[in-house]
Amino acid sequence: MSLKDKLDLQRLPRHIAIIMDGNGRWAKERGQDRLYGHHEGVESVRNIVETCAELGIGYLTLYAFSTENWDRPVYEVNGIMELLVNTIRREVTTLSKNNIRLTMIGDMNMLPPQCQREMEEAIAFTSQNTGLNLVMALSYSARWEIVNAARKIAQDVKNGTLDPLAVTPAVWESYLCTAGIPDPELVIRTSGECRISNFLLYQLAYAELYFTDTRWPDFRQENLYQAILNFQNRERRFGKTSEQIQQNEEIIS
Ligand code: IPE
Ligand code: IPE
Ligand code: MG
């Protein structure tokens, strides 16, 4: 039996974000080079993207490369960038066939030129699709994003186009890379680390966090169902009391 049968399809998270971790250790455990783990990780990406599209999830954000990951050995960074270019090139028609719209958050300018081109083309090619929104976090870090937003706001105030008193949470959010994207409701991190590693620090304020020991290259459809099931068994209170939440649910049903 698949865990899918246990899911409440009416209460799926609207936005799932995944910190895809553990590729290097997965490869080392098999006596292989770290890059082998990244290659195998692409299979998991394909599987999870497809599963989310099938389920009708609105947004899937995948943390693929952080600002700090640039400090890894050149060999590994180059290997990951090459893998990225090849994967986008190979997958773009399948993405489109599945009505998936690709976007990116992060510092596009940091990517090698060929990678930027492939990304821009794939984003344009899928821009009219109306199914799953696949958001790739590449050369992304939340501190980079937040400092950038603060700079842009300061500039607009200086130009006289923004009144400091008009900066509400909604206005602030419009300056982030994720403008227009709802906050993630479920965040999954694979491979046993229980930290956020500079990912969406503002947007995760009320996200449900799910940590699993499974390494990313082993994380597939059933693991995702397990995470969603776990999410569906939690009570999200947003600062209120349990009684208030239950009363509200009774009114709705
Ligand atoms: C995640 O796997 C992929 C990237 C960060 C690019 P890692 O490469 O971090 O794998 P571990 O954590 O070293 O096992
Ligand atoms: C976080 O993984 C970034 C991505 C998955 C892309 P890391 O492996 O870079 O994080 P740390 O260094 O263990 O915190
Ligand atoms: Mg890691």
Q. How many residues are on the phi < 0 side of the Ramachandran plot, surrounded by 19 or more Cβ atoms within 10 Å (Cβ to Cβ) and part of a loop (DSSP other than H, G, I, E, B) if we restrict to the stretch 103-126?
A. 2
Q. Given R236, R215, R220, which one is among the basic types (K, R) and out of contact with any helix residue (DSSP H, G or I) (no Cβ under 6 Å at 6 or more places or on another chain)?
A. R236
Q.
Yes or no: the stretch 131-141 includes at least one residue that is under 24 Å from W172 (Cα atoms) and either of a type in the set (F, W, Y) or part of a helix (DSSP H, G or I) (or both).
A. yes
Q.
Going by what's in this entry, would A64 be described as part of a strand (DSSP E or B) and within 14 Å of ligand 1 (Cβ to nearest atom)?
A. yes
Q. Can you find a residue in the stretch 217-226 that is closer than 22 Å to S139 by Cα and either within 16 Å of ligand 3 (Cβ to nearest atom) or assigned to a loop (DSSP other than H, G, I, E, B) (or both)?
A. yes
Q: State all residues of the stretch 1-55 that are away from ligand 1 (no atom under 16 Å from the Cβ) and part of a loop (DSSP other than H, G, I, E, B); if no residue qualifies, say none.
A: M1, S2, L7, D8, L12, P13, R14
Q: Pull up the stretch 177-196, narrow it to residues that are surrounded by fewer than 20 Cβ atoms within 10 Å (Cβ to Cβ) and over 13 Å from the mean Cα position of the chain (by Cα), then point me to the one that is nearest to ligand 1 (Cβ to nearest atom).
A: E193
**Q.** Test result for F238, in contact with a Cys (Cβ under 9 Å, 6 or more places away or on another chain) and either open to solvent by 30 Å² or more (accessible area, probe 1.4 Å) or without any contact (Cβ under 8 Å) to a residue 60 or more places away in the chain (or both)
**A.** no
Q. Taking into account only those residues within the stretch 62-99 that are acidic (D, E) and free of Cβ contacts under 8 Å to residues at least 40 places away in the same chain, which is least open to solvent (accessible area, probe 1.4 Å)?
A. E82
Q: Kindly indicate which of G58, G79, G31, G41 is of a type outside the set (S, T, Y) and within 13 Å of ligand 3 (Cβ to nearest atom).
A: G41
Q. Right, Q226: touching a residue at least 24 places away in the same chain (Cβ under 8 Å), farther than 18 Å from N23 by Cα, away from ligand 1 (no atom under 16 Å from the Cβ) and open to solvent by 70 Å² or more (accessible area, probe 1.4 Å) or not?
A. yes
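The values are calculated or read from the model by the stated rules, or taken from the named source; none is laboratory data. Worth saying up front: this structure is predicted, and the values here are computed from it rather than measured. Ideal geometry is used to build each Cβ from the backbone, glycine not excepted, and the neighbour counts take in all protein chains shown. Ligands, DNA and RNA are stripped out before the accessible areas are found, and what is left, the full protein with its side chains, is counted by its heavy atoms. Shrake-Rupley method; radii C 1.70, N 1.55, O 1.52, S 1.80 Å.
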